[in-house]
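J.: One structure is given below, represented as structure tokens, and several questions about it will come after.
Please treat every number below as a calculation from the coordinates, not as lab data. Since this is a predicted model, take the numbers as computed values, not measurements. Cβ atoms come from the backbone with ideal geometry, glycine included; neighbour counts cover every protein chain shown.
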Amino acid sequence: MDIATIIPKKNVFYNEPMSKHTTFRIGGPAECFVKVETKDQLKGILRYASENKVPATVIGNGSNLLVLDGGIPGITVKVAIDGYEVRPDDTVVVGSGCKLGHLAKVFAENSLSGFEELSGIPGTIGGAIVMNAGAYQKEIKDVLKCVEVMDCQGNVRVLQNDELKLGYRSSIFKENQGAHRVQGVITEAVLVLTKGNEAEIRGRMQELLQSRKDKQPLEYPSAGSTFKRGQDFITAKLIDEAGLKGYHVGDAYISEKHSGFIVNKGNATAKDVLQLVEYAKEEVYKKFNKKIDLEIEIVGEKE
Ligand SMILES: Cc1cc2nc3c(=O)[nH]c(=O)nc-3n(C[C@H](O)[C@H](O)[C@H](O)COP(=O)(O)OP(=O)(O)OC[C@H]3O[C@@H](n4cnc5c(N)ncnc54)[C@H](O)[C@@H]3O)c2cc1C
């Protein structure tokens, strides 16, 4: 079967540079890159991959990913299933490819509160649930009722919030990553919001977006915080105190503005980023005897 019978030709790309699909603007080519806009297309491509034993890698907005320079073998599936339905009981059904920033505006228009803190996270609902993304003491977990997931045969089932093991940047989806996701691909989610005041919601969103602009190096491509917070320490602070601000390998820099971010100041490669990550880990360990873990996910193959 030809992939073009499953996905419209305009959404199928061969040898597609992943630097075009990640906020880091880094990454070698995807052997085959498809953008799926409907559940039927997703079902078709997952079945195709499974029947032909081709590895399938799922991405959302690519805002938490470091794709290696050798690229991604098999099929890379960008989930772009969007659409939403605001229900009278203040729950909202959203496609997993909806972007958080766009949804936040929709919720504000509908005077629905509870999502303001998440509005500046540049990902999709699917990616946010997998990561249990969060900011300003709010996590997606706090507003999530349930998700619909599709397995590699195209069968769907609904999982409730408490079945997803949502913790600090973790979920059941992260337990089985890679080509053969046991927990499946998120297609849809139901969020629970509360009635609020539109002007107040917009005001809070503005305030938090400004705080991001002030503190984060949004002028450069990145994948957000490179490392997770430690249990008893703030990783960015240790990196800073280790004197690593502005340290770089090639065009990959530890941001001067926020040492928790590695930024791409031009043509950084994944190899540069990985070297910088290793250096930061070693220095922090040497100086503070603390191990730091990556928040960003590494995908693909080395060159
Ligand atoms: C400037 C900047 C600021 C950021 N600020 C924050 C922040 O404040 N808080 C925070 O938590 N994160 C932050 N991030 C990181 C990132 O935006 C989040 O992790 C986000 O939730 C990732 O969503 P995504 O759609 O881009 O997912 P991707 O990066 O594309 O993928 C992330 C993971 O989710 C999986 N995935 C994606 N979609 C699906 C799906 N439909 N079904 C199953 N699996 C799927 C992927 O396989 C991968 O494992 C920031 C990033 C940047 C660049």
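J.: Do you know the relative contact order of region 205-303, to the nearest whole percent, from alpha carbon pairs under 8 angstrom that are 6+ apart?
T.: Contact order relative to length: 30 percent.
J.: Taking the chain as a Gaussian network, Cα atoms linked when under 10 Å apart, which of Asn61, Asn15, Asn132 shows the biggest mean-square fluctuation?
T.: Per the Cα network of the chain with a 10 Å cutoff, Asn15 tops the list.
J.: Would you calculate, for the chain, the mean residue ellipticity at 222 nm contributed by helices, counting each DSSP H stretch of 4 or more residues as -39,500 (n - 2.57) and dividing by all residues, to the nearest 500?
T.: Value at 222 nm, helices only: -7500 deg cm²/dmol.
J.: Suppose we keep just the alpha-carbon trace of the chain; what are its Rg and Dmax in angstrom?
T.: 19.4, 57
J.: Can you compute the modelled spin-label distance between Glu241 and Val93, with each label point 7 Å from Cα toward Cβ, in nm?
T.: 5.1
J.: Can you list the HN-Hα couplings for region 68-84, worked out from phi with the Karplus curve (6.51, -1.76, 1.60; θ = phi - 60°), rounded to whole Hz and with x for Gly and Pro?
T.: Ordered by residue, 3J(HN,Hα) equals 5, 5, x, x, 10, x, x, 9, 9, 9, 8, 7, 10, 7, 10, x, 8 Hz.
J.: Let me ask something else about it. Using the Cα centre of region 84-214 as the reference point, and only Cβ charges (+1 on K/R, -1 on D/E), how large is the resulting charge dipole? Debye, rounded to the nearest 20.
T.: 340
J.: Moving on. Note down the net charge around Gly243, summing +1 for each Lys or Arg and -1 for each Asp or Glu among other residues with Cβ under 11 Å from its Cβ.
T.: Result for the neighbourhood of Gly243: -1.
J.: Using only the alpha carbons of region 197-252, determine the length spanned along each of the three principal axes and report them from longest to shortest in whole angstroms.
T.: Principal extents (Cα only, largest first): 46, 30, 16 Å.
J.: With only alpha-carbon atoms counted, please give the Rg and Dmax of region 60-109, in Å.
T.: Rg, Dmax (Cα atoms, Å): 15.0, 48.
J.: Another question, if that's okay. Starting from the 7 Å offset along Cα-to-Cβ, what nm value, one decimal, do you get for the label separation of Glu278 and Asn110?
T.: In this crude label model, Glu278 to Asn110 measures out at 4.9 nm.
J.: Continuing with this model, one more query. Roughly how many nanometres apart are two label points built 7 Å out from the Cα toward the Cβ at Asp232 and Glu85?
T.: 5.1
J.: Just want to confirm a number: the relative contact order over the chain, from Cα pairs under 8 angstrom separated by 6+ residues, in percent.
T.: Relative contact order here is 19 percent.
J.: Taking all pairs of different Cα atoms in region 152-236, averaging 1/r and flipping that mean, what Kirkwood radius in angstroms comes out?
T.: Radius from the Kirkwood sum: 17.1 Å.
J.: Quick one: P(r) of region 84-214 from all Cα-Cα pairs, 5 Å bins, percents rounded to integers, in order of increasing distance.
T.: Whole-percent P(r) values from 0 Å outward: 2, 11, 21, 24, 19, 12, 7, 3, 1, 0.
J.: In addition: Quick query: amide H of Glu139 versus all other amide H atoms, modeled in the peptide plane; which residues come in under 5 Å with a sequence gap of 5 or more or a different chain?
T.: Sorted by chain and number, the residues that satisfy this come to none at all.
J.: Stokes-Einstein at 25 °C, 0.890 mPa s, Kirkwood radius from Cα pairs: D for region 3-79 in µm² s⁻¹?
T.: 199
J.: Per residue Cα convex hull volume for region 177-303, in cubic angstrom?
T.: That works out to 177 Å³ per residue.
J.: Right, another one. Read phi for every residue in region 260-277 and hand back ³J(HN,Hα) as whole Hz from Karplus 6.51 cos²θ - 1.76 cosθ + 1.60, θ = phi - 60°, with x for Gly and Pro.
T.: Per-residue couplings from phi come out as x, 9, 9, 10, 9, 8, x, 10, 4, 9, 5, 4, 4, 4, 5, 5, 5, 4 Hz.
J.: Now for a different question. Rounded to the nearest 0.05, what FRET efficiency is calculated for Val54 and Lys165 with R0 set to 30 Å and r the Cβ-Cβ distance?
T.: After rounding to 0.05, the efficiency reads 0.55.
J.: Then there's this: Give me Rg/Rg_expected for region 217-291, where Rg uses Cα atoms only and Rg_expected = 2.2 N^0.38 Å with N residues.
T.: Output field value: 1.01.
J.: Then there's this: Assuming 0.36 nm per residue, please report the length gained on full extension of the stretch Asp293 to Arg47 beyond their Cα-Cα distance.
T.: The Asp293-Arg47 span can extend by a further 85.1 nm.
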